[in-house]
1. Pick from Val329, Val302, Val287, Val283: which is at pLDDT 95 or above and farther than 24 Å from Leu370 by Cβ?
2. In this structure, does Ala113 turn out to be on the phi < 0 side of the Ramachandran plot, out of contact with any Lys or Arg (no Cβ under 9 Å at 6 or more places or on another chain), in contact (Cβ under 8 Å) with a residue 24 or more places away in the chain and among the small types (Gly, Ala, Ser)?
3. Name the single residue, out of those in the range 342-374 being part of a strand (DSSP E or B) and of a type in the set (Gly, Ala, Ser), that is farthest from Ala256 (Cα to Cα).
4. Restrict the check to the range 277-289 and report whether at least one residue is among the aromatic types (Phe, Trp, Tyr), touching a residue at least 12 places away in the same chain (Cβ under 8 Å), within 25 Å of Leu68 (Cα to Cα) and buried (at least 16 other Cβ atoms within 10 Å of the Cβ).
5. What residue, among those in the range 343-375 that are out of contact with any Pro (no Cβ under 8 Å at 6 or more places or on another chain) and of a type in the set (D, E, K, R), is nearest to Gly266 (Cα to Cα)?
6. Looking only at residues that are in contact (Cβ under 8 Å) with a residue 12 or more places away in the chain and among the small types (Gly, Ala, Ser) in the range 230-242, which one is most open to solvent (accessible area, probe 1.4 Å)?
7. Identify the single condition in (1) in contact with a strand residue (DSSP E or B) (Cβ under 6 Å, 6 or more places away or on another chain); (2) open to solvent by 60 Å² or more (accessible area, probe 1.4 Å); (3) of a type in the set (Ser, Thr, Tyr); (4) under 22 Å from Ala105 (Cβ atoms) that Tyr268 does not satisfy, given that it satisfies every other one.
8. For the range 193-247: of the residues being in a helix (DSSP H, G or I) and in contact with an Asp or Glu (Cβ under 7 Å, 6 or more places away or on another chain), which is nearest to His153 (Cα to Cα)?
Amino acid sequence: MADQYAHSGEDKRPTETPAIRWEEPPEGPVLVLLDQTRLPAEEVELVCTDAPALVEAIRSLAVRGAPLLGIAGAYGVALAAVRGFDVDEAAAALAGARPTAVNLAVGVRRALAAYRAALAEGGDGRRAAEAALAAARALHREDAEASARMAGHGLALLDELLPAGGHRVLTHCNTGALVSGGEGTAFAVALAAHRAGRLRRLWVDETRPLLQGARLTAYEAARSGMAYTLLTDNAAGSLFAAGEVDAVLIGADRIAADGSVANKVGSYPLAVLARYHHVPFIVVAPVTTVDPDTPDGASIEVEQRAGHEVTEITAPQVSVAGAGGGIAVAPLGTQAYNPAFDVTPPELVTAIVTEEGIVSPVTSEALAELCARARR
């Protein structure tokens, strides 16, 4: 049975609470997650003792963001192994928890492969569990290193494209430390620009319907001392028209072999606006987000989420009345279209920044070469 409980971290500064960590208390190993659905009102950690609890945390978006989902998936396999549960069953449930985010399945497969390899070499269940945990920890460490390299490559690209400095960057959804083993993907680039004194303004899309920009990116920007301004998603066009955006930086949940980018819904309209206004549209993501087995954007499965996320607004510590547990903002029974992601075609992407380097222009050949280089 799923076992998940929470405890508060109110006495800690937000930047001191990691998005994910493995702990081994006397009662047994656990995976501790910062519950992102409760931010920014309060810091509450979820403690998962089995894979079903982690699956629920993933589906509810308590833990989210492509790189972090990969790390969580790997730790979830290790958790099942260490606690003696059915590892194959846990791996299947974890890998299918969110279909669009390819990193989740990548992380699950990596830990599962280490577990099976240890068994094949004659190891017992304990040795195999240790191998799965070592694989998860290695992925966690590698993601932190990749984040730092992406930030460096991304800042160099911004400086090349915008030599005058004083960058005014628009970002969508949340791509900071809350989605990563390090400081994030797209947000890490903006943060590097801030630290170098070259970020004039971070424009933060609120990112409907779940407000990851307002709740999470603004939270991280404020903690980092960045100059930022929040805007409604539908105000982006007027911002471009006023000449107030120098570049768009977003993350990715899956990049197809042809360079099509699946990211939080609302990203594609920004790409169209950026192209019309001659503004660079830059995607920042680790190589693990590139999926060579998905040929093009049309082949990406886009997760459809519950309609109540659109018809209701959920706020921590606020009494609720809606069927989905939120405050109703539409008549009862209203149907809602709620894709979690949209897909931006490669011809609208100025560059894809990874830890292994930059792809620009974005072509299937250039992506394949980059992935081959990463494997070597």
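1. Values: Val329 fails: at pLDDT 95 or above; Val287 fails: farther than 24 Å from Leu370 by Cβ; Val283 fails: farther than 24 Å from Leu370 by Cβ.
Residue meeting the stated conditions: Val302.
2. no
3. Taking the range 342-374 and keeping what is part of a strand (DSSP E or B), we get 342-344, 351-354, 357-359.
Then keep just the ones that are of a type in the set (Gly, Ala, Ser); that gives 351, 357.
Values: Ala351: 14, Gly357: 17 Å.
Among those that are part of a strand (DSSP E or B) and of a type in the set (Gly, Ala, Ser), it is Gly357.
4. Applying the first criterion (among the aromatic types (Phe, Trp, Tyr)) to the range 277-289 yields 281.
Now restrict to residues that are touching a residue at least 12 places away in the same chain (Cβ under 8 Å): 281.
Okay, now just the ones that are also within 25 Å of Leu68 (Cα to Cα), so 281.
Adding the requirement that they be buried (at least 16 other Cβ atoms within 10 Å of the Cβ) leaves 281.
Yes: the range 277-289 contains one or more residues that are among the aromatic types (Phe, Trp, Tyr), touching a residue at least 12 places away in the same chain (Cβ under 8 Å), within 25 Å of Leu68 (Cα to Cα) and buried (at least 16 other Cβ atoms within 10 Å of the Cβ).
5. Among those residues, the one meeting the criterion is Glu347.
6. Step one: list which residues in the range 230-242 are in contact (Cβ under 8 Å) with a residue 12 or more places away in the chain, which gives 230-233, 236-237, 239-241.
Among the residues that remain, those that are also among the small types (Gly, Ala, Ser) are: 236-237, 241.
On the way: Ala236: 2, Gly237: 26, Ala241: 77 Å².
Once the filter is applied, the top-ranked residue is Ala241.
7. (4)
8. At the first step, the residues of the range 193-247 found to be in a helix (DSSP H, G or I) are 193-195, 212-223, 233-241.
Right, trim to in contact with an Asp or Glu (Cβ under 7 Å, 6 or more places away or on another chain) and you get 213-214, 233, 236.
Working: Gly213: 23, Ala214: 26, Asp233: 27, Ala236: 26 Å.
Going through the qualifying residues, I end up with Gly213.
The values are calculated or read from the model by the stated rules, or taken from the named source; none is laboratory data. Owing to the predicted nature of the structure, the values given are computational and were not obtained by experimental measurement. Positions of Cβ are backbone-derived with ideal geometry, glycine not excepted, and every protein chain shown enters the neighbour counts. SASA here: full protein model, heavy atoms, side chains in, ligands and nucleic acids out. Shrake-Rupley method; radii C 1.70, N 1.55, O 1.52, S 1.80 Å.
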